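First, the structure itself, so that you have it in front of you.
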Amino acid sequence: MADNVLDIGDLHVSYATDRGPLRVLRGVGLTVATGGITGIVGESGCGKSTLIAAILGLLPGNAEIGGGSIRLDGQELLGLDEAGMRLLRGNGLALISQNPMAAFNPVLTIGRQLTDIQYRHAIPTALKRQRIVDMFVRVGIVDPERRLAAYPGQLSGGMLQRVAIAAALLTRPRLLIADEPTTALDVTLEAQILALLRAQHGTTILFISHHLGAVATLCDQVAVMYAGTVVETGPVAKVFADPRHPYTRRLIAADPGHLAIGGGLLPTIPGRVPDLTQPPSGCVFAPPAAWRWRGDAGP
Amino acid sequence: MPDPDAGPARCRPWPTRRLPPGVAMTGLLEINELCVRVPRPGALWQRLGGRNPPPLEILCGVTLDLAAGETLALVGESGSGKTTLARAIMGLQPFCAGSIRFEQAVLTGRGRRRWHRLRRRAAMIFQDAVASLSPRLTVGRLVTEPLSIHGRPMGDRAAEAGRLLSMVGLSPDMAGRYPRELSGGQARRVTVARALAMEPRLVIADEPTAGLDVSVQAEILNLMTGLQRDLGVAYLLITHNLAVVRHVSHRMAVLYLGHLVEVGATAAVTARPRHPYTAALLASEPSIDPARRPAGPALDGEVPSLFDRPPGCAFHTRCRRATDLCRTLQPQFLPVDTGHVVACHHPLD
Amino acid sequence: MGVALLSIGIAVVAGTLIGLVAGYGPRWLGMLLLLVLDTISSLPMIMFALAVLTLLGPGLWTLVGTIAFFTIPGYARLVRAQTLALRDSPFIQAERSMGAGFPRILFIHLLPNVIGPLLVVMTMDIPVVIGLEAGLSFLGIGIQPPTPSWGSMLNDGFVFIRNTPLLVVFSGLPIVLATLSFTFLGEALRERLDPATRRG
């Protein structure tokens, strides 16, 4: 087994638009260590969603991969045909999305759907159900036998997200991609789901969120994305305590979560994300001189 | 629409939960013992079958007050009744008991005429900004809509729209756009401009920063803070984001399953929560500092369903301090400090 | 043709009003209006039209009135369904919270949002009604001579179908052409007004 489950190098993706190619990912490099939890933070339009779609081989038709590589356990995913990608999605990769309701078919029972996703395992149905029950216990679902007979609409959002995590773990994925899994949840449920993900020792997780607090709570490593590039990466404790990139500093400063006492105005990030049909050369963030902190090194 | 269960006649008397003396009751807005009930779905068939199921209690005996120029944060999880309370204040949700008093005028029952004054002097910002803008009207038309509704002379409508848009930091050129052409942050600003058009005394903001990026959230919060300083408007801020609460509110009220559990100054409540639920909420907030990572979730389980409201204290099913008393008797509001009240049999020290 | 446009015009205006009130007004009124609409739709249209036209005597306004009467429920139901879907939407709530009155909500906020699908159905109905009017005139209870009508022209031609079949072909041609053009117009409107296909 390689040291890094996921190894993305110099990935370029652009979308064809009326105004020319929209260069959404411009040389993204990212590694996820085996058994580790890596977080990706960034604001809307930074390319998080495109990155996930590229890993899963689910880029829309107008997207074009301009270069780079995505390796899962050393296997190159770019250029893999549909059959190979499907094999991987059921086996190597699993996704937990923001809206668990959309991940389930509303007219089939939970038990039926979780049995179906184990189609690769040649074991009797009774054994598959037992695996589900065991997994439900592991993700903290009370009364698992009864949940098997339930329909997705009968479960609450928090419960359904647990079921989605159980479903993802059932396939024993080499990489679990969690795309904003707690954004739609209340704060007490968010804390529960984060604790649950944290407790899945040995599962490699790529956690995408715009919530800095959630990333700080869950992840070991963090990559900060801005306008299609990774601007800063490193251990969470180090990046959040001592951000080196001016964008990371601004992002952390704008989050009211870091302030113990309220009042006053929050720092904001003036200006707009650059137009990615004509990205500037050099640093995309290129802040006005006045924003620079002493010691900011140009990236 | 009329339904038999919403009539005041069906309300049982509620245990009195008066705020103790010392809490100012001469505010801009006074909500007293407010109850909202809706009939249970499918109740008609059960009633035809001879059974009479009790209605769902969305809000029970909520008593709150809000002073002019103040920000009161209303905190709670999904299903706690936060949005219902906001809708009741604006007269969009009929209530079956209690009273709402706005600028000394008592508002009860239904009928648009009674709420007309409040709707002129108070405004609401809805959670989904884009969806709360009438899709076929331009931004310029939308922000001046309140003026047109209340027959306020505005001279040049385009100039007035431009003035309102620049007040919230938008270019007057935006006036010709349609809601679907706006980004989330821009739509939010338009709703703020519209809310402020009538120079209201009270703005109810329902999750004003939900779904926004942190930098845009900071801009909206700064905008709201600045407008409060300049115009003296009071905010009822509904949110589940405790970081926002801590940052912008003067006082906070915590709602759990339709009951208020704790009310007090934000600084006092966040520094020293007295209700176990408030404490758990505060502890659940993920910290940006990885060194302060919690050992485990502060609260197990989920908010019980309204269909299955626990007897006694509604929180006892998830409370680690619950005793037999909590399981049977609903706690009363008790003052623990000046202006700080808590409804708990065993408040934290 | 004139009959078709006139009767559909009346039906659209009346149907929209009834639909808006049934969708946004008090629930009991909505139920009552729905009952009336259902009653109308359940009547056999051709038989009823024949009976009315025979009783009142054929004439332009009787014909227009009868056709409008039977097309109202379709529009009213469509508008009511759209209105019901919108009545609890945040923007209507927002308007109410600002103190907007019943007519303002109905005509400024609801109407523009329900009119799109309505226009599409309308253009698609026009050919149907042209055909209906032609049919009734063909039966001799529609437009009476000397007022010309595509239907009665077709009827006149029918007498000579063995000698000069072209008479039928050419008197039938405008009906076919008008029907086709309105269908195309309807398709185009649907594409234009559908938010899913429209560019933002």
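Just tell me how shielded B:120-132 is by partners: mean number of partner chain Cβ atoms within 10 Å of each residue's Cβ, no decimals.
Working: counts 2, 0, 3, 4, 5, 2, 5, 1, 4, 2, 2, 5, 8.
Partner Cβ neighbours, averaged per residue: 3.
Additional query: How much area per residue is accessible in chain A when the probe is 1.4 Å and only protein heavy atoms are counted (Å²)?
On the way: 13000 Å² over 299 residues.
So chain A comes to 43 Å² accessible per residue, rounded to a whole number.
Ok, one more. How big is the range A:123-169 by Rg and Dmax over its Cα atoms, in Å?
Cα-based Rg and Dmax for the range A:123-169 come out at 10.2, 31 Å.
Dimensions of the range A:112-198 along principal axes (Cα, Å, largest first)?
Taking max minus min along each principal axis of the Cα atoms, the range A:112-198 gives 39, 29, 19 Å.
Where does each of B:271-278, C:25-32 land if you order them by average Cβ count within 10 Å, highest first? Please list the in-between numbers first.
On the way: B:271-278: 22.5, C:25-32: 13.1.
Packing order, densest peptide first, comes out as B:271-278, C:25-32.
Residues of the range B:240-270 losing 20 Å² or more of accessible area relative to the isolated chain, 1.4 Å probe, heavy atoms only?
Residues meeting the cut-off: B:His240, B:Ala243, B:Arg246, B:His247.
A follow-up question, please. Treat the range B:237-349 as a sphere of radius equal to its Kirkwood radius over Cα pairs and apply Stokes-Einstein at 25 °C in a medium of 0.890 mPa s; give the translational diffusion coefficient in µm²/s, rounded to a whole number.
Details: Rh = 14.8 Å.
Roughly 166 µm²/s, to the nearest whole number.
If you don't mind, another one. Over all residues in B:222-229, what is the mean tally of Cβ atoms on other chains that come within 10 Å of each residue's Cβ?
2
Just the number please: accessible area per residue for chain B, 1.4 Å probe, all protein chains included, in Å². Kindly include the intermediate steps, with their values, before the conclusion.
Values: 14050 Å² over 349 residues.
Per residue, chain B has an accessible area of 40 Å².
Okay, next question. With a Förster radius of 35 Å, plug the Cβ-Cβ distance of C:Arg104 and A:Thr17 into 1/(1 + (r/R0)^6) and report the FRET value to the nearest 0.05. Before the final figure, lay out each step's value.
Values: r = 40 Å, r/R0 = 1.13.
The pair C:Arg104/A:Thr17 has a calculated efficiency of 0.30.
For A:Ser156 paired with A:Asp242, estimate the spin-label separation in nm (one decimal), with each label point 7 Å from Cα along the Cα-to-Cβ line.
Here the answer is 4.3 nm between the modelled labels.
Also: Mean residue ellipticity at 222 nm from the helices of chain C, using -39,500 (n - 2.57) per DSSP H segment of n ≥ 4 over the full residue count, to the nearest 500 deg cm²/dmol? Don't skip to the end; give the middle numbers.
Details: 8 runs with 154 residues, N = 200.
Rounded to the nearest 500, it is -26500 deg cm²/dmol.
Can you compute the helix-only [θ] at 222 nm over chain A? Use -39500 (n - 2.57) per DSSP H run of at least 4 residues, normalise by all residues, nearest 500 deg cm²/dmol.
Values: 11 runs with 97 residues, N = 299.
Using -39500 (n - 2.57) per qualifying helix, the result is -9000 deg cm²/dmol.
Is the C-alpha gyration tensor of the range C:64-103 telling us rounded, prolate or oblate? Criteria: a/c under 1.5 is rounded; beyond that, a/b larger than b/c is prolate, otherwise oblate. Spell out each step's value before the answer.
Numbers: a/c = 7.39, a/b = 2.60, b/c = 2.84.
Oblate shape, in that a/c is at least 1.5 and b/c is the bigger or equal ratio.
Follow-up question, since we're still on this one. To the nearest 100 Å², how much accessible surface do chains B and C cover up together, summed over both, with a 1.4 Å probe?
For chain B against chain C, roughly 2200 Å² becomes buried.
Hey, another quick one. Tell me what chain B gives for mean residue ellipticity at 222 nm when only DSSP H runs of n ≥ 4 count, each as -39,500 (n - 2.57), the sum divided by the residue total, rounded to 500 deg cm²/dmol. It would help to have the intermediate numbers written out before the result.
Values: 11 runs with 104 residues, N = 349.
Rounded to the nearest 500, the figure is -8500 deg cm²/dmol.
Please list the radius of gyration and Dmax for chain B, considering alpha-carbon atoms only, with Å as the unit.
21.1, 66
Shifting gears a bit: Restricting to Cα pairs below 8 Å that are 6+ residues apart, what does the relative contact order work out to for the range B:76-153? Please round to a whole percent.
On the way: 34 pairs, mean separation 14.3, N = 78.
Worked out over the range B:76-153, it gives 18 percent.
Something else: Cα-Cα pairs above 22 Å in the range C:28-152: how many percent? Don't skip to the end; give the middle numbers.
Details: 3876 of 7750 pairs.
Here the tail beyond 22 Å accounts for 50 percent of pairs.
Moving on to the next point. Just need the relative contact order of chain C here, percent rounded to a whole number, with Cα pairs under 8 Å and 6+ apart. Before the final figure, lay out the partial values.
Details: 218 pairs, mean separation 49.4, N = 200.
This gives 25 percent for chain C.
Once every Cα of chain A carries one equal point scatterer and solvent is ignored, give the base-10 log of I(q)/I(0) from the Debye formula at q = 0.06 Å⁻¹, two decimals.
-0.22
At a probe radius of 1.4 Å, figure out the A/B buried accessible area, summed over both chains, and give it in Å² to the nearest 100.
Values: alone 14580 and 16790 Å², together 28120 Å².
Answer for the A-B pair: about 3200 Å² buried.
If contacts are Cα pairs under 8 angstrom and at least 6 residues apart, what is the relative contact order of the range B:202-349 in percent?
On the way: 180 pairs, mean separation 28.9, N = 148.
Over the range B:202-349, the number comes to 20 percent.
Same structure, new question: Could you tell me what percent of the accessible area of chain A is made up of carbon and sulfur, with a 1.4 Å probe and every protein chain present?
Numbers: 6990 of 13000 Å².
So the carbon and sulfur contribution to the accessible surface is 54 percent.
To one decimal place, what orientation-averaged projected area in nm² is obtained for the convex hull of the Cα set of the range A:64-116? Kindly include the intermediate steps, with their values, before the conclusion.
Values: hull surface 21.8 nm².
If I average the Cα hull's projected area over directions, I get 5.4 nm².
Starting from the alpha-carbon convex hull of the range B:115-213, give the projected area averaged over all orientations, in nm².
Working: hull surface 24.0 nm².
Convex hull of Cα atoms, orientation-averaged projection: 6.0 nm².
Does the protein assembly as shown come out rounded, prolate or oblate, given a ≥ b ≥ c as the square roots of the eigenvalues of its C-alpha gyration tensor, rounded meaning a/c under 1.5 and, failing that, prolate meaning a/b above b/c?
Prolate shape, in that a/c is at least 1.5 and a/b is the bigger ratio.
Restricting the count to DSSP beta bridges whose residues both fall in chain A, what percent are antiparallel, rounded to a multiple of 5?
Details: 27 of 43 bridges.
Antiparallel bridges: around 65 percent, rounded to the nearest 5.
The values are calculated or read from the model by the stated rules, or taken from the named source; none is laboratory data. None of these values were measured; they are calculated from a predicted model. Cβ: placed from backbone, ideal geometry, glycine included. Neighbour counts: every protein chain shown. These accessible areas exclude ligands, DNA and RNA; they are computed on the full protein's heavy atoms, side chains included. Shrake-Rupley method; radii C 1.70, N 1.55, O 1.52, S 1.80 Å.
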